[in-house]
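The values are calculated or read from the model by the stated rules, or taken from the named source; none is laboratory data. No experiment lies behind these values; they were computed from the predicted model shown. Cβ atoms come from the backbone with ideal geometry, glycine included; neighbour counts cover every protein chain shown. Accessible surface is based on the protein model in full, side chains and every heavy atom, while ligands, DNA and RNA are left aside. Shrake-Rupley method; radii C 1.70, N 1.55, O 1.52, S 1.80 Å.
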Amino acid sequence: MSTNDDHHLDANAAGGALREIFSVDVTAAGTSCATCAHSFTFAEALLHAWAPGLVGRCPACGEVVFRLVRAPGRAWLDLRGTTCLDIRMPEGR
Amino acid sequence: MAGLVSRGFSGRRRTGDVKLPPGQYLTEDFPVLSSGPTPQVRTERWEFTITTETGAEHHWDWAALRALPAERFTTDLHCVTKWSKLGTTWEGVSLDTLFAGVETTAGYALAHSYGGYTTNLPLEDLLGGKAWIAFGYGGKDLAAEHGGPARLLVPHLYLWKSAKWVRGIRLMNADTPGFWEGVGYHNYGDPWREQRYWSD
Ligand SMILES: [Zn+2]
């Protein structure tokens, strides 16, 4: 019974938390750039929308902080340029 | 009036009977797509590097590139955002020429650009007369908005593979997804098989 995996949960267990997070307005979230550590509001990212996807760049250093690709019935969100999103949650949950 | 001239007589293709890849529509203009600010790269400072899987580097500055035999060619462009532009005329150096002195057994390439863009493709798609470092478009110097002073051009794949403002090509034994391939876009991107997204 004792394996190195004992402390892992199936990621489905995070489903409720993720649904709640993505139901809030992420554009209001505090955003930390992985390249220069600058903190800004997500909506302040410099958006390049005339591309195969949406590209958000850090307003301080210009590096990519997010990429969003939308296809019929599907979306991909790459946040590797962001170290942390500071999300204000609705009270009462 | 071009539409009234027979194809066989003029050599021009009429829009009505052109075969486009699935899901594409024809456009006459040249839309500018970009994932960031347009780098302003002066030719005096331009450099292109091929780095092999062993770390060996092959460099060309602008004068060295332009001293190589150039080709003029006409090709069709297919963008994953669904526009196709036919019969575009280019000038550039074939990658076969640039790779002539490069020793490699790598299977994969990652093109990288001024401004940080990357795109991956099999090395064999860069060879055999299928890819160029292009610096002329429509008889003029390639404009910065279209990737000038020089861009990669691999027209048999969707246009996102044709890295604008190309700065170098890194050869690798293992494939590595590039800027769009890492976030939903197809790893190979053949327009005739409509390989737009990961599962296509
Ligand atoms: Zn930054």
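Odds and ends about this structure:
- Residue within the range B:73-86 that is assigned to a strand (DSSP E or B) and on the phi > 0 side of the Ramachandran plot present: no
- Subset of the range B:176-200 [in contact with a strand residue (DSSP E or B) (Cβ under 9 Å, 6 or more places away or on another chain), of a type outside the set (S, T, N, Q), away from chain A (no Cβ under 11 Å) and open to solvent by less than 60 Å² (accessible area, probe 1.4 Å)]: B:Gly178, B:Tyr188, B:Pro191
- Of all residues making up the range B:28-55, the number that are over 13 Å from B:Ala150 (Cβ atoms), away from chain A (no Cβ under 11 Å) and either open to solvent by 20 Å² or more (accessible area, probe 1.4 Å) or in a strand (DSSP E or B) (or both): 10
- Looking across the range A:77-90 at every residue that is at pLDDT 90 or above, more than 9 Å from chain B (Cβ to nearest Cβ) and open to solvent by 60 Å² or more (accessible area, probe 1.4 Å), the one that is farthest from A:Leu18 (Cα to Cα) is identified as A:Thr83.
- Residue within the range A:10-33 that is within 16 Å of the ligand (Cβ to nearest atom), in a helix (DSSP H, G or I) and either of a type in the set (Asp, Glu) or at pLDDT below 95 (or both) present: no
- The set of residues from the range A:48-77 being more than 19 Å from B:Thr118 (Cβ to Cβ) and among the small types (Gly, Ala, Ser) comprises A:Ala49, A:Ala60, A:Ala71, A:Gly73, A:Ala75.
- Residue in the range A:37-51 that is away from the ligand (no atom under 16 Å from the Cβ) and away from chain B (no Cβ under 14 Å) present: no
- Sole residue being in contact with a Leu (Cβ under 8 Å, 6 or more places away or on another chain), among the aliphatic types (A, V, I, L, M) and open to solvent by 40 Å² or more (accessible area, probe 1.4 Å), chosen from B:Leu95, B:Leu127: B:Leu127
- Taken together, the residues in the range A:23-76 that are touching a Gly at 6+ places or on another chain (Cβ under 9 Å) and open to solvent by 70 Å² or more (accessible area, probe 1.4 Å) amount to 7.
- Boolean, A:Pro72 is within 13 Å of chain B (Cβ to nearest Cβ), within 30 Å of B:Thr81 (Cα to Cα), more than 10 Å from the chain's Cα centre (by Cα) and within 16 Å of the ligand (Cβ to nearest atom): no
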